[in-house]
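Asker: Just dropping this structure here.
The values are calculated or read from the model by the stated rules, or taken from the named source; none is laboratory data. Small disclaimer: the values here were computed from a predicted structure and weren't measured. Every residue, glycine among them, receives a Cβ derived from its backbone with ideal geometry; neighbour counts consider all protein chains shown. Remember, those area values only see protein heavy atoms, side chains included, never the ligands or the DNA or RNA. Shrake-Rupley method; radii C 1.70, N 1.55, O 1.52, S 1.80 Å.
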Amino acid sequence: MKKILSLVLALGMTLTALAGCGSEGESSAGGSGTGLSGTVATDGSTSMETVIEFLREAFTEENPDVEVTYNPTGSSSGIEAVSAGRCDIGLASRDLKDEEKETLTGTVIAIDGIAIIVNNENAVENLTLDQIAQIYKGEITNWSEVGGADAEIACIGREAGSGTRDGFESITGTEDLCKYSQELTSTGDVIQTVANNPNAIGYASLASVKDTVKMITVDGVEANVDTIQSGEYKVQRNFVMVTKTGAELSEAAQAFFEFATSADADSLIEQAGAVPVKR
Amino acid sequence: MDKVKKFVLVFEKIMQILFTICGFLAVAFVLLITGYLIVSGLPAIREIGLKEFLLGKVWASTAKDPRYGILPFICTSVYGTLAAIIIGVPIGLLCAIFLAKMAPKRLAAFFRPAVDLLAGIPSVVYGLVGMIILVPFVRETFDLADGANLFSAIIVLAIMILPSIISVSETAIKAVPKEYEEASYALGATKTETVFKVVVPAAKSGIAAAVVLGIGRAIGEAMAVMMVAGNVANMPGLFKSVRFLTTAVASEMSYSSGLQRQALFSIALVLFVFIMLINLILNFIIKREKK
């Protein structure tokens, strides 16, 4: 008897919990209908995945009939796709080249700021961009060469294919040349590892860095939202939405584009770990 | 009465069909996975070339001029597993002998659940403890820039394979007929002599099965190894950051595309072949034992 009772109780509780889920989903979906419908195809930079994911989620919540697709192919393929008309909005994590600017328009929606981090015990406060590149290329191997203690440097990085790694390596000009001592699969792992190892240097998105590690200044500039927005801090790159110059976007794509560039998107972009543009 | 009989017959029939379906389902999953791995793993090998793929020493999957050589991963997996076995088997075997022959009953009753618990700890926990405690320890002890290397991975793997080695070889040791031991004692042999010259040789195929099982576990482990080995595609060295076959697949899968993704499936295929070989050896040992 007791068993049956507890079973019934458990079932009842599960149902109540499920019912709670259901009503919550309905209210948020049914709250606002803008009447927009259609598909918005985006294509391009893999580094922009998190930002686009946050924007897409918030946008489809307001416009439930619009479907936003995202095809992670890389910046150059995204630019090519939009100029060939294979997608509505191209995504690039670099600025457009001059010849691309002839037919395409780039709009910066966010800035990717990459913090250079070392262990809290490390005495080094500043490195130049060139020194950082030399450290990762294995040309500087001891902290004493850059004003620190006499200890070998351990270079911590991300796995091949990661957007942060791609960003860091393209900014420092160390593509395919880095001699890592660890390749980790998440920003959190990198920060944790640097926090545990006094010899380590690593890189991570600015937003995820807390005081467990020390952010160093690059060419004397501290990494924060202001220096990134003004462009003083060097280890940064733009997240760009690319559209065809002169061509008109579909109604849904236009709405998504405006949403992504509006002030409403700022907090989402921050949540996604990037820095919003200055308005 | 007739009705009841009929119902029972129909019910039996239904259950029989259900059992059969479930049986086929399990086999179907194995065949499905095997088929899928072969179909998705072969194209990249064909494109890269079998020799370049298996014997190439450079893995640079996202470079402008990509190279897909997995020899570093194969060597690392083989070295890591062998070293873990070399460390883990003696400890595991002696522990099994202790549990089966030496330990007082009460102590054994406490030890056995503890060993079982070791087997039940999720591998991510091994990895986490390894990352927080072992890696800094290795770094400081050997005065290295970074403690995440093959050595740390070997230690973690050696601990992880202990429970399977202990429980399988303990069962094998216990299965040795008591008369063998008694005969040995009657001839004036000491306990140690009896254990090493009579019991262990008599249980050798069971112990071999334990070792093979340990190899299987070590070569297939991904999570714990990923957290302590550093994951750089170097040719293996004891204090170098290395990448295993398993971690090569796991670490790059999330952002991979095109040939890189296909090559990851090919690595999984190679790993699958390794595991198949190990299982074949295990089956061979067990069959020979039955004879």
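Asker: So what's the net charge close to B:LEU187: Lys and Arg +1, Asp and Glu -1, counting the other residues with Cβ under 14 Å from its Cβ? If you can, show how the numbers build up before the last one.
Answerer: Values: positive: B:LYS191, B:LYS197; negative: B:GLU179, B:GLU181, B:GLU182, B:GLU193.
Surrounding charge for B:LEU187 is -2.
Asker: Another question about this same structure. What accessible area per residue, rounded to a whole number of Å², is obtained for the protein assembly as shown using a probe radius of 1.4 Å?
Answerer: Value for the protein assembly as shown: 51 Å² per residue.
Asker: Shifting gears a bit: Which helices, counted as full DSSP H runs in chain B, have an axial Cα extent of no less than 15 Å and a Kyte-Doolittle average of -1.0 or above? Kindly include the intermediate steps, with their values, before the conclusion.
Answerer: Numbers: long enough: B:2-48 (69 Å, 1.42); B:71-97 (38 Å, 2.07); B:105-120 (23 Å, 0.62); B:150-174 (35 Å, 1.94); B:204-220 (24 Å, 1.30); B:258-290 (48 Å, 1.31).
Helices meeting the span and hydropathy rule in chain B are B:2-48, B:71-97, B:105-120, B:150-174, B:204-220, B:258-290.
Asker: Let me ask another. List the trypsin sites (Lys or Arg not before Pro) within region B:32-134 that fall in a DSSP loop (any state other than H, G, I, E or B) and whose Cβ has at most 12 other Cβ atoms within 10 Å.
Answerer: B:LYS64
Asker: Mean-square fluctuation check for chain B, GNM, Cα pairs under 10 Å: which of B:LEU50, B:LEU213, B:LEU271 is largest?
Answerer: Largest GNM mean-square fluctuation: B:LEU50.
Asker: For chain A, take the longest principal axis of its alpha carbons; what is the angle in degrees between that and the long axis of helix A:49-62, to the nearest 10 within 0 to 90?
Answerer: 20
Asker: Once you list every other residue whose beta carbon is under 11 Å from the beta carbon of B:THR76, what net charge do they have if Lys and Arg are +1 and Asp and Glu are -1?
Answerer: Net charge around B:THR76: +2.
Asker: A follow-up question, please. Quote the relative contact order of chain A in percent (integer), defining contacts as alpha-carbon pairs under 8 Å separated by 6+ residues.
Answerer: Working: 518 pairs, mean separation 71.8, N = 279.
Averaging sequence separation for qualifying contacts and normalising by length gives 26 percent for chain A.
Asker: Right, something else. In a Gaussian network model over chain A where Cα atoms closer than 10 Å are linked, find which of A:ALA84, A:ALA133, A:ALA154 has the largest mean-square fluctuation.
Answerer: Of A:ALA84, A:ALA133, A:ALA154, the most mobile in the Gaussian network model is A:ALA84.
Asker: Helix A:163-172 sits at what angle to the longest principal axis of chain A, using alpha carbons and giving 0 to 90 degrees rounded to 10?
Answerer: For helix A:163-172, the angle is close to 30 degrees.
Asker: Cα-Cα over 29 Å: which of A:LYS97/A:LYS137; A:LYS278/B:LYS64; B:LYS51/B:LYS240; A:LYS101/A:LYS137?
Answerer: From A:LYS97/A:LYS137; A:LYS278/B:LYS64; B:LYS51/B:LYS240; A:LYS101/A:LYS137, over 29 Å: A:LYS278/B:LYS64; A:LYS101/A:LYS137.
Asker: For the interface of B with A, what's the total buried accessible surface in square angstrom, probe 1.4 angstrom, rounded to the nearest hundred? Write down the numbers at each step before the final one.
Answerer: Numbers: alone 16920 and 14010 Å², together 29100 Å².
Heavy-atom accessible area buried at this interface is about 1800 Å².
Asker: Still on this structure: Add +1 for every Lys or Arg and -1 for every Asp or Glu among the other residues with Cβ under 14 Å from the Cβ of A:VAL213, and state the total. Could you put the intermediate results ahead of the total?
Answerer: Values: positive: A:LYS210, A:LYS214; negative: A:GLU121, A:GLU125, A:ASP189, A:ASP211.
Every neighbour counted, the sum reads -2.
Asker: Per the 1.4 Å probe, what fraction of the accessible area of chain A, in percent, lies on carbon and sulfur atoms?
Answerer: Values: 6650 of 13120 Å².
With neighbouring chains kept in place, the figure for chain A is 51 percent.
Asker: In whole Å, how far is the Cα centre of region B:240-281 from that of region B:1-79?
Answerer: Cα centroid of region B:240-281 versus Cα centroid of region B:1-79: 13 Å apart.
Asker: In addition: Within 10 Å of each Cβ of A:183-190, how many other protein chain Cβ atoms are there on average?
Answerer: Mean shielding by partner chains, rounded to a whole number: 4.
Asker: Which percent, to the nearest 5, of DSSP beta bridges fully inside the protein assembly as shown are antiparallel?
Answerer: 60
Asker: So, one more: Would you mind estimating how fast the protein assembly as shown diffuses translationally, via Stokes-Einstein at 10 °C and 1.306 mPa s with the Kirkwood radius over Cα pairs, in µm²/s?
Answerer: Stokes-Einstein gives a translational diffusion coefficient of 57 µm²/s.
Asker: Here's something else I'd like to know. Can you tell me what share of the DSSP beta bridges in chain A is antiparallel? A percent to the nearest 5 is fine. Provide the component values of the computation, followed by the final result.
Answerer: Values: 23 of 40 bridges.
Percent antiparallel among DSSP bridges in chain A is about 60.
Asker: For region A:113-236, rounded, prolate or oblate, judged on the Cα gyration tensor with a ≥ b ≥ c (square roots of eigenvalues), a/c < 1.5 rounded, else prolate if a/b > b/c?
Answerer: rounded
Asker: Here's another thing I want to ask about it. Given an 8 Å cut-off on Cα distances and at least 6 residues of separation, report the relative contact order of chain B as a percent.
Answerer: 25
Asker: Let me ask another. When you look at the Cβ of every residue in A:157-166, what mean number of other chain Cβ atoms sits within 10 Å? Walk me through the numbers before you get to the answer.
Answerer: Numbers: counts 2, 2, 13, 12, 11, 5, 1, 0, 2, 2.
Across the residues of A:157-166, the mean count of other-chain Cβ atoms within 10 Å is 5.
Asker: Same structure again: Report, as a whole number in µm² per second, the diffusion coefficient that Stokes-Einstein gives for chain A at 20 °C and 1.002 mPa s using the Kirkwood radius over alpha carbon pairs.
Answerer: 102
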